[in-house]
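A.B. asks: Next up is a structure, given as structure tokens.
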Amino acid sequence: MKQYTIGDVSKRLGISRDSLRFYEKKGIIAPQKLANGYRCYSYEDTRKLLDIMFYRRLNFSIEDINRILHQSSFGSYYTMIQEKIAEEEREVERHQRSLIHLKYLTQLYKNIDDYLNDYDIRPLRRYYKVDESLIDKLAVHDLCYIYQEYQLREGMPGQVDEYYLFAADTAAIIGLEEQLSGRLFIQHERCVYTVIASASRIPDTRSIMKAVCWARDQGYKLEGTAYGGFLLSCAVDEMQTAVPEEADVSQPVYYIELYLPLKE
């Protein structure tokens with residue numbers, strides 16, 4: 001039967017020599033050692049290496065691959081496959097959540113870039129109001145946002161509430177619509193929208209009043225409510241025309257979005 005050197009196997013299968021030595025050290029393969037110190041691999045060894053490559057692509061650990069190839073029964077093999085499916089599903093969910101965050105951050109950046117101290121008319125998408133007990137139950141701490149609600153009085157706006165919000169489209173993506181069915185939510189078809197830069201995570205009332213004045217100047221009628229939500233923070237406000245050299249860059253700049261619902 002034909003024998004292969006470590007160089008032959010490395011070239012034919014695309015496996016580095018270090019990996020081949022590692023698999024040997026772990027006891028997964030056992031090439032024949034010749035008197036001159038060279039290793040010889042049999043056809044069966046190369047087939048086993050192909051199996052190792054297959055299971056590695058499925059993210060099985062070296063230990064699990066060793067169990068599959070040398071210790072598993074038909075029943076235990078099935079159990080290991082099911083355990084791996086469950087593990088991969090958890091990883092998919094983790095990556096799915098990461099993508100939600102990354103896409104959300106991309107949109108936040110665009111909103112800040114486009115609407116800092118500028119105004120637009122846009123909808124406030126549906127957000128479910130969730131309390132801490134539900135957040136714990138659903139394990140969605142990292143997917144919730146804190147918003148403040150204000151009443152627009154003749155004088156300065158006054159904060160009347162603060163709550164956690166969970167986006168309806170995020171609930172749809174990760175399959176939580178049924179658990180959130182019947183929950184209170186906020187949603188408005190048309191709102192004055194703007195982004196402000198602040199020294200704190202809470203918008204100052206003057207910024208809200210500027211948005212109120214803009215809406216009235218444009219002839220819009222407000223419902224009398226405003227919502228403020230923290231977007232992100234940076235060390236330096238690059239939107240300024242110049243940042244003094246002596247500026248304290250350790251003082252973060254907070255970007256906050258404001259929604260002022262309009263009467264239909």
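The values are calculated or read from the model by the stated rules, or taken from the named source; none is laboratory data. Quantities reported herein were computed from a predicted structural model and do not represent experimental measurements. With ideal geometry, Cβ positions are generated from the backbone for all residues, glycine too; neighbour counts draw on all protein chains shown.
A.B. asks: What is the number of the single condition among (1) without any contact (Cβ under 8 Å) to a residue 12 or more places away in the chain; (2) touching a helix residue (DSSP H, G or I) at 6+ places or on another chain (Cβ under 8 Å) that residue 174 does not meet?
C.D. replies: (1)
A.B. asks: Same structure again: Only one of these is surrounded by fewer than 16 Cβ atoms within 10 Å (Cβ to Cβ) and touching a residue at least 24 places away in the same chain (Cβ under 8 Å): 66, 59. Name it.
C.D. replies: Numbers: 66 fails: surrounded by fewer than 16 Cβ atoms within 10 Å (Cβ to Cβ).
Among 66, 59, only 59 is surrounded by fewer than 16 Cβ atoms within 10 Å (Cβ to Cβ) and touching a residue at least 24 places away in the same chain (Cβ under 8 Å).
A.B. asks: Answer yes or no as to whether residue 48 is outside any loop (DSSP other than H, G, I, E, B), among the basic types (Lys, Arg) and without any contact (Cβ under 8 Å) to a residue 60 or more places away in the chain. Don't jump to the end; show me each part of the working.
C.D. replies: Values: outside any loop (DSSP other than H, G, I, E, B): yes; among the basic types (Lys, Arg): yes; without any contact (Cβ under 8 Å) to a residue 60 or more places away in the chain: yes.
Yes: the conditions hold for residue 48.
A.B. asks: Given the criteria charged (D, E, K, R), touching a Pro at 6+ places or on another chain (Cβ under 8 Å) and in contact (Cβ under 8 Å) with a residue 12 or more places away in the chain, does residue 120 qualify?
C.D. replies: no
A.B. asks: Could you count how many residues in segment 133-155 are buried (at least 17 other Cβ atoms within 10 Å of the Cβ), within 24 Å of the chain's Cα centre (by Cα) and among the aliphatic types (A, V, I, L, M)?
C.D. replies: Selection size over segment 133-155: 4.
A.B. asks: If I go through segment 1-38 residue by residue, how many of them are among the hydrophobic types (A, V, I, L, M, F, W, C) and either more than 23 Å from residue 55 (Cα to Cα) or touching a His at 6+ places or on another chain (Cβ under 7 Å) (or both)?
C.D. replies: Of the residues in segment 1-38, 3 are among the hydrophobic types (A, V, I, L, M, F, W, C) and either more than 23 Å from residue 55 (Cα to Cα) or touching a His at 6+ places or on another chain (Cβ under 7 Å) (or both).
A.B. asks: Still on this model: Give segment 187-201 a look and list any residue that's at pLDDT below 90 and either loosely packed, with under 15 Cβ neighbours inside 10 Å or not assigned by TED's automatic domain parsing to the domain that holds residue 127 (or both), or say none.
C.D. replies: Answer for segment 187-201, where residues must be at pLDDT below 90 and either loosely packed, with under 15 Cβ neighbours inside 10 Å or not assigned by TED's automatic domain parsing to the domain that holds residue 127 (or both): 199, 200.
A.B. asks: A follow-up question, please. Of the residues that make up segment 101-109, is at least one aromatic (Phe, Trp, Tyr) and farther than 16 Å from residue 9 by Cα?
C.D. replies: Yes, segment 101-109 contains a residue that is aromatic (Phe, Trp, Tyr) and farther than 16 Å from residue 9 by Cα.
A.B. asks: Given (1) in a loop (DSSP other than H, G, I, E, B); (2) at pLDDT below 90, where does residue 60 come up short, assuming only one miss?
C.D. replies: That leaves (2) as the condition not met.
A.B. asks: A follow-up question, please. Those residues that are modelled with pLDDT of 75 or more and surrounded by fewer than 16 Cβ atoms within 10 Å (Cβ to Cβ), I need them from segment 220-250; list them, please.
C.D. replies: Correct list: 221, 223, 224, 232, 233, 234.
A.B. asks: Could you list, in sequence order, all residues of segment 114-138 that are charged (D, E, K, R), closer than 17 Å to residue 161 by Cα and part of a strand (DSSP E or B)?
C.D. replies: 129
A.B. asks: Can I ask one more? Restricting attention to segment 220-234, which residues are more than 13 Å from residue 264 (Cα to Cα) and not hydroxyl-bearing (Ser, Thr, Tyr)? Talk me through it step by step, then tell me what you get.
C.D. replies: To start, the set of residues in segment 220-234 that are more than 13 Å from residue 264 (Cα to Cα) comprises 225-234.
Answer for segment 220-234, where residues must be more than 13 Å from residue 264 (Cα to Cα) and not hydroxyl-bearing (Ser, Thr, Tyr): 226, 228, 229, 230, 231, 232, 234.
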